[in-house]
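What follows is a single structure, written as structure tokens, with notes after it.
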Protein chains: 2
Amino acid sequence: MNLLLGSGGFRTEERVANLARHMRAHFGDVDRLLFIPYALADHDAYVGMMVQRGIHAGYRLDGIHHYDDPARAVAEAPAIFVGGGNTFRLVHDLYRFGLIEVIRQRVRAGVPYLGISAGTNVACPTLMTTNDMPIVAPPSFETLDLVPFQINPHYFNGQVHVQEGERLVPHFGETRDDRIREYHEMNDRPVLGLWEGGILHVSDDDVTLHCAPARVFRRGHQPLDVEPVASLREWLAPPAS
Amino acid sequence: MNLLLGSGGFRTEERVANLARHMRAHFGDVDRLLFIPYALADHDAYVGMMVQRGIHAGYRLDGIHHYDDPARAVAEAPAIFVGGGNTFRLVHDLYRFGLIEVIRQRVRAGVPYLGISAGTNVACPTLMTTNDMPIVAPPSFETLDLVPFQINPHYFNGQVHVQEGERLVPHFGETRDDRIREYHEMNDRPVLGLWEGGILHVSDDDVTLHCAPARVFRRGHQPLDVEPVASLREWLAPPAS
């Protein structure tokens with residue numbers, strides 16, 4: 001297995017350059033990436049935006065929405081790239097087009113996978129650590145299950161501040177750590193809170209953090225802050241059951 | 001029908017006093033409020049916290065978790081108060097204990113209802129405009145359907161800022177308006193973005209905004225900002241189908 005999982009927030013020159021460098025090492029000389037844009041509503045506009053922002057790293061993005069048989073497109077793809085947007089919409093469409101099992105099989109067989117934001121959420125066992133609004137009900141919260149832990153993309157610490165006129169004022173909604181603590185009130189799996197710009201590389205042998213810090217949350221343990229570059233495998237093992 | 005729907009963020013003296021004043025006008029001289037604490041994990045601690053923060057407005061909060069037959073507790077309640085926390089956990093438990101239909105019937109028959117945050121989300125037709133993390137899968141996204149529109153509690157405009165050391169830095173996740181726009185890519189109902197501290201009063205005759213501004217989102221229309229006190233009924237009518 002060979003996965004690259006990005007947090008999101010690839011909006012600065014440095015972050016885009018980091019991502020492109022990792023993508024080239026990850027995908028090598030494949031001639032195209034099968035791009036899955038289902039998390040956004042306008043698929044063609046999405047492909048155009050990725051190229052304009054340089055997030056294709058020079059590769060041809062081959063939109064799955066142009067194929068009559070999306071499952072076959074996955075089966076024949078040399079590389080898979082699942083983009084961000086709304087995770088519920090993405091999962092809804094992965095089920096609608098019957099893609100969960102075929103993507104899982106292909107990636108487990110070694111086809112390189114890149115996920116960003118929602119595309120990182122769906123690489124986990126469930127969508128339960130997404131930040132997105134549940135705008136559509138997928139048939140299940142279970143996702144690709146490519147890694148044995150959960151990731152929370154766009155992670156940050158502490159209280160949010162929002163604009164009120166010209167001022168930034170504190171907002172009293174649950175913090176991200178509150179939300180992940182609530183996840184662990186009902187679930188066992190470790191959660192990796194991945195700051196924006198962060199990239200996780202997952203191979204059969206290791207899980208390596210690059211480009212941004214992260215916080216590891218394990219049920220019944222204090223959260224643990226980690227800095228890149230770091231191997232996280234020991235912290236993200238599934239809990240003994 | 002007689003509903004009081006609070007946004008959340010009742011964390012300042014002024015906001016707590018506003019809420020208490022509205023609660024007393026709303027509930028009058030009932031001897032207790034049946035309190036539904038399922039959105040948080042620790043039900044007794046939740047009741048204690050509400051009293052400590054003064055959010056009971058002097059009423060006795062009668063926790064539904066002390067009843068062997070929660071549906072019967074609803075059927076006999078003089079007033080219903082659904083607290084905040086995680087909306088998915090709340091909806092999961094409302095279905096688990098078979099409470100959706102009995103609450104709906106009682107409130108439609110005139111029993112006064114108060115919801116805060118998650119308790120406001122579930123008064124809507126669906127949970128689709130919650131901000132919460134999907135930590136558990138409820139059997140359905142359909143909720144109490146007491147009002148014909150959706151509410152987004154803890155609403156704010158613009159980009160979030162988060163703490164990085166001592167600095168506040170912009171965060172690139174979707175804004176709240178992005179999320180509600182995505183809701184309208186897949187759904188028709190109007191959405192009311194209710195700022196923290198805001199309270200909506202819904203009767204058979206009117207929908208009235210109190211204590212904080214709100215933004216009305218209607219599919220295919222520009223968002224509309226409204227200030228309290230305002231009647232919102234004309235903006236929140238279901239779309240003609």
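Below, the figures for the structure above:
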quantity	calculated
Carbon plus sulfur fraction of accessible area for the protein assembly as shown, probe 1.4 Å, in percent	47 percent
³J(HN,Hα), Karplus 6.51/-1.76/1.60, whole Hz, each residue of segment B:115-126, x for Gly, Pro	x, 10, 6, 4, x, 7, 3, 6, 6, 7, x, 9
DSSP-assigned coil residues among trypsin sites (Lys or Arg not before Pro) in segment A:59-103, each with at most 15 further Cβ atoms within 10 Å	A:Arg60
Model label zone, B:Met186; criterion: amide N under 20 Å from point 7 Å along Cα-to-beta-carbon; scope segment B:108-144	B:121-144
Cβ-vector label at 7 Å, A:Ala71, separations to other copies in nm	3.9
Inter-part distance where segment A:207-241 and segment B:138-176 are each reduced to a Cα centre, Å	27 Å
Electrostatic dipole magnitude of segment B:4-87 [Cβ: Lys, Arg +1; Asp, Glu -1; Cα centre; debye, to 20]	340 debye
Where GluC sites (Glu not before Pro) fall in DSSP loop in segment B:133-241, at most 10 other Cβ within 10 Å	B:Glu166
Förster radius 35 Å - calculated FRET efficiency between B:Ser140 and A:Ala240, Cβ distance, rounded to 0.05	0.55
Integer Hz, Karplus 6.51/-1.76/1.60 couplings in order for segment B:32-45, x for Gly and Pro	6, 10, 6, 9, 10, x, 5, 6, 10, 6, 9, 5, 5, 4
Unit charges on C-beta of K, R, D, E only; dipole of the protein assembly as shown, Debye	40 debye
Degrees separating the helix A:87-96 axis from the principal Cα axis of chain A, which is the longest one	40 degrees
R0 of 45 Å, Cβ-Cβ distance B:Thr208-B:Asp68: FRET efficiency to nearest 0.05	0.75
Top of A:Ile36, A:Ile55, A:Ile80 by mean-square fluctuation, Gaussian network on chain A, Cα under 10 Å	A:Ile55
Local electrostatic count at A:Gly158 - Lys and Arg +1, Asp and Glu -1, tallied over other residues with Cβ under 11 Å	-2
Residue among B:Gly193, B:Gly54, B:Gly83 with the largest mean-square fluctuation in a Gaussian network model of chain B, springs linking Cα atoms under 10 Å	B:Gly54
Nearest-ten-degree value, helix B:13-27 long axis tilted from longest Cα axis of chain B	50 degrees
Mean projected area in nm² (Cα convex hull; one quarter of hull surface) for segment B:1-104	6.4 nm²
Other-copy label distances relative to B:Glu166, 7 angstrom Cα-Cβ extension, nm	2.3
Computed magnitude of the charge dipole of segment A:80-173 (debye, nearest 20; Cβ of K, R +1, Cβ of D, E -1)	260 debye
Full-stretch length increase - B:Asp225, B:Ala75 - with 0.36 nm per residue and alpha-carbon distance subtracted	50.2 nm
HN-Hα J in Hz across segment A:186-196 - Karplus 6.51, -1.76, 1.60, θ = phi - 60°, x for Gly and Pro	10, 9, 9, 5, x, 10, 9, x, 10, 4, 4
Net lengthening on full extension, A:Val30/A:Arg53 (0.36 nm per residue, minus Cα-Cα)	6.2 nm
Total accessible surface hidden between A and B, rounded to 100 Å², 1.4 Å probe	3900 Å²
Kirkwood Rh (inverse of mean 1/r, distinct Cα pairs), the protein assembly as shown, angstrom	23.3 Å
Trypsin sites (Lys or Arg not before Pro) restricted to DSSP loop in segment A:1-53 with at most 13 other C-beta within 10 Å	A:Arg11, A:Arg53
Modelled FRET efficiency - R0 25 Å, A:Glu14 with A:Ala45, Cβ distances, 0.05 increments	0.45
Among B:Pro139, B:Pro70, B:Tyr95 the positive-end extreme of the charge dipole of segment B:2-236 (Cβ point charges)	B:Pro70
Segment A:1-51 and segment B:21-47: distance between their alpha carbon centers, rounded to Å	48 Å
Gaussian network model of chain B, springs between alpha carbon atoms under 10 Å - residue of B:Leu224, B:Leu144, B:Leu33 with greatest fluctuation	B:Leu224
Cα shape, segment B:2-236, gyration tensor, a/c 1.5 rule	rounded
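The values are calculated or read from the model by the stated rules, or taken from the named source; none is laboratory data. Everything quoted here is computed from the prediction, not taken from an experiment. Virtual Cβ from ideal backbone geometry, glycine too; neighbours counted across all protein chains shown. These accessible areas exclude ligands, DNA and RNA; they are computed on the full protein's heavy atoms, side chains included. Shrake-Rupley method; radii C 1.70, N 1.55, O 1.52, S 1.80 Å.
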